[in-house]
1. Taking amide H positions as placed in the peptide plane 1.01 Å from N, state which residues far from Ile288 in sequence (5 or more) or on other chains have amide H under 5 Å from it.
2. Would you mind putting 150-163, 32-45 in packing order, based on average other-beta-carbon counts within 10 Å, highest first?
3. Please arrange Arg90, Arg311 by how many other C-beta atoms lie within 10 Å of their C-beta, fewest to most.
4. For the chain, set up a GNM with springs between Cα atoms under 10 Å and report which of Arg258, Arg296, Arg140 has the largest fluctuation.
5. Defining a contact as two alpha carbons under 8 Å apart and six or more residues distant in sequence, what relative contact order in percent does the chain show?
6. Using only the Cα atoms of segment 203-312, what are the Rg and Dmax in Å?
7. Looking at segment 1-71 only, what percent of DSSP beta bridges run antiparallel? Nearest 5 please.
8. Against the 2.2 N^0.38 Å scaling, with N counting residues, where does segment 179-235 land? I'd like the Cα-based Rg ratio to two decimal places.
Amino acid sequence: MSSVVALSGGIGGAKLVLGLARVLAAEDLLVIANTGDDFHHLGLSISPDIDTLIYTLAGLANTEFGWGREDETWSFMEALGALGGETWFRLGDKDLAVHIERSRRLGRGERLSAITADLSARLGVGPRVLPVSDDPVRTRVRTDDGWLDFQDYFVRQQCRLAIRELAFEGAAGARPHPDILATLRGPNVRAVVICPSNPFISIEPILAVPDVRRAIRDCTAPVLAVSPIIGGRAVKGPTAKMMAELGFAVTPATVATRYADLLDVYVVDHADLSSLGDVAVRTVAAPILMQSLADRENLARAVLSAADEFRQ
């Protein structure tokens, strides 16, 4: 039974997940991965956040781009472009192999969770990475141009369009992976950690799957979140832009209110501790900007220490 359960999207969340993986035994970490970014492209089933987590934990992540695999080659994309194909979503040659194998196995009826487990094992990943559900959950974005699939907005449009609304298609009817609920309802959970991923497009798709939010709320372990905002700016990605467009103040306090019914402890950067206002949850200050491997490990230790102190 995993003693730490982490909710994570891609790049930002994966940094803390790696830190947790380095200070915990592999069997003591369960990662619940966002699948709202998943989509079909070029006839393939692509799971960006799952793959980012796997590559990061396997030591294969492309640190220059923040996505994809290290030492990547691009022969496929070059050949596809020469044929007039769609190249707006770049798939490296090594990365492409993962998408092809996933698609092949999904096509013959295997579950996404089983495929993820097997790919993780083959790439040397120790902690368990579980999609929140084997049923499709897809993030949709409403802009002034209408509703768009998430990757269309995020990659093709480069987040240029203003967001007016978000929806998680399929979430209401999705079944959470049974091992997620069993773990959260079990007696041996040390902490539930909401990683510093974008709350709107990385964490809330997970929480939108029925029973997941309730299971976290009812869990006997402390629930902690790490702010993705430092000094009024997002650590990574379009979080701040989305918050402003949706009418929210770009502050750590805003993120805390999104998780208000869940949180026991909120971890913020030292720079933000004096500006939290009336956040009705215990707050802990720590250096949360993870630029090095040591930063990731130190933040993981700080989060676990805060969880242990809360239990005392």
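None of the figures in this text is laboratory data; all of them are computed from the coordinates on show. As the structure is a prediction and not an experimental result, all values here were calculated from the model. Here Cβ is always computed from backbone atoms with ideal geometry, including for glycine, and neighbour counts include all displayed protein chains.
1. His270
2. 32-45, 150-163
3. Arg311, Arg90
4. Largest GNM mean-square fluctuation: Arg258.
5. It comes to 20 percent, rounded to a whole number.
6. Rg and Dmax of segment 203-312, Cα atoms, are 14.0, 41 Å.
7. Details: 4 of 9 bridges.
About 45 percent, rounded to the nearest 5.
8. After normalising by residue count via 2.2 N^0.38 Å, the value is 1.24.
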